[in-house]
1. What about Pro185, is it modelled with pLDDT under 95, surrounded by fewer than 18 Cβ atoms within 10 Å (Cβ to Cβ) and under 14 Å from the mean Cα position of the chain (by Cα)?
2. Could you tell me which of the residues His78, His61 is free of Cβ contacts under 8 Å to residues at least 40 places away in the same chain, touching an Asp or Glu at 6+ places or on another chain (Cβ under 9 Å) and not polar (S, T, N, Q)?
3. Here is a list: Ser133, Ser102, Ser176. Which entry is touching a helix residue (DSSP H, G or I) at 6+ places or on another chain (Cβ under 9 Å) and crowded, with 16+ Cβ neighbours inside 10 Å?
4. Could you look through the range 27-67, keep only residues that are of a type in the set (Ser, Thr, Tyr) and over 19 Å from Glu101 (Cα atoms), and pick out the one that is nearest to the chain's Cα centre (by Cα)?
5. Within the range 121-171, track down each residue that is farther than 16 Å from Ser203 by Cβ, touching a Gly at 6+ places or on another chain (Cβ under 9 Å) and not β-branched (Val, Ile, Thr).
6. Among the residues of the range 237-264, write down those that are of a type in the set (Gly, Ala, Ser), within 9 Å of Gln169 (Cβ to Cβ) and in a strand (DSSP E or B).
7. I'd like the residue in the range 235-267 that is polar (S, T, N, Q) and under 21 Å from the mean Cα position of the chain (by Cα) and, out of all such residues, is surrounded by the most Cβ atoms within 10 Å (Cβ to Cβ).
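The values are calculated or read from the model by the stated rules, or taken from the named source; none is laboratory data. Since the structure is predicted, the reported quantities are computational estimates derived from the model, not experimental observations. All Cβ positions, glycine included, derive from the backbone under ideal geometry; neighbour counts span all protein chains shown.
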Amino acid sequence: MKRPDDSAPALRDTQSEPDHRRIAIDRVGVKNLRFPVRVGLGTGKPQSTIATVQLTVDLPHHFKGTHMSRFVEVLQAHGPVLEQDDLEHLLRTLIRKLTSESAHLELEFPFFLRKKAPVTRAPGLLDYTARFSATADKNKFDLVTTILVGVTTLCPCSKAISVSGAHNQRGQVAFSLRAKKKPLPLAEMVALVERSASSELYSVLKRPDEKAVTERAYANPVFVEDLVRNIAAEANSDPRLAWWQVEAENFESIHNHNAYALVRKRP
């Protein structure tokens, strides 16, 4: 077997060469990297999923480029289980490996919760989306957790003015938060959003379940404004949260536009 020639000249490290334009870059790294991970949901064992990852660092003005392979190396070295509590260590490793002042992570992935239909208790899996947005520097760490949750809303105005029936629609809520200490479990965030709507969604519904869900929504009409306020009221009363934002969009069933609302905690 042929061995490497120890006398061969070292390969040129172009990225570490000086750059004379003296312009620092705020963020440089890898984007749209798909990576298998296992994440905790707060319901037991971690769940396997595929995340789309963006990892970046700042680049000092005197370096020509960063070392792109090191981003993937750091991610792979961390291991397959990625909890929210792990992200600070991962970013600080990037700072050290790439001689940077700060590092950033955007990580988005689907996850599933097992739900039982309200009457027949027929089981089914429902999908959600989570996003972690994290930043670290030598002095602080910041993490914003976002979930995307589908819901049902029934129009209070339509119910009030109609002799029978009321229009309803599916909507989507983006609920983001910063925790003061320990991040909130994703399953807990989902539950808060779902109980704030006219009804939650299910993947499996038999006829008795469909009747129950329809009647539940009719008994609990909410505007898109009500939806974000319901979530905001609970978030405001939770002492674990430092900041939150709620964004909702209803995919209107009798209009050719969507209804939208956003509310966030003021500083």
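1. The answer is yes for Pro185.
2. Criteria check complete, one pass: His78.
3. Only one candidate qualifies: Ser102.
4. Checked the range 27-67; the qualifying residue nearest to the chain's Cα centre (by Cα) is Thr52.
5. Ser158, Lys159, Gly171
6. Answer for the range 237-264, where residues must be of a type in the set (Gly, Ala, Ser), within 9 Å of Gln169 (Cβ to Cβ) and in a strand (DSSP E or B): just Ala259.
7. My answer is Asn250.
Table: residues versus (1) surrounded by fewer than 19 Cβ atoms within 10 Å (Cβ to Cβ); (2) over 21 Å from Asp137 (Cβ atoms); (3) modelled with pLDDT of 95 or more.
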site	(1), (2), (3)
Gln54	yes, no, yes
Val57	no, no, no
Lys64	yes, yes, no
Val81	yes, yes, no
Asp85	yes, no, no
His89	yes, no, no
Phe112	yes, yes, yes
Pro123	yes, yes, yes
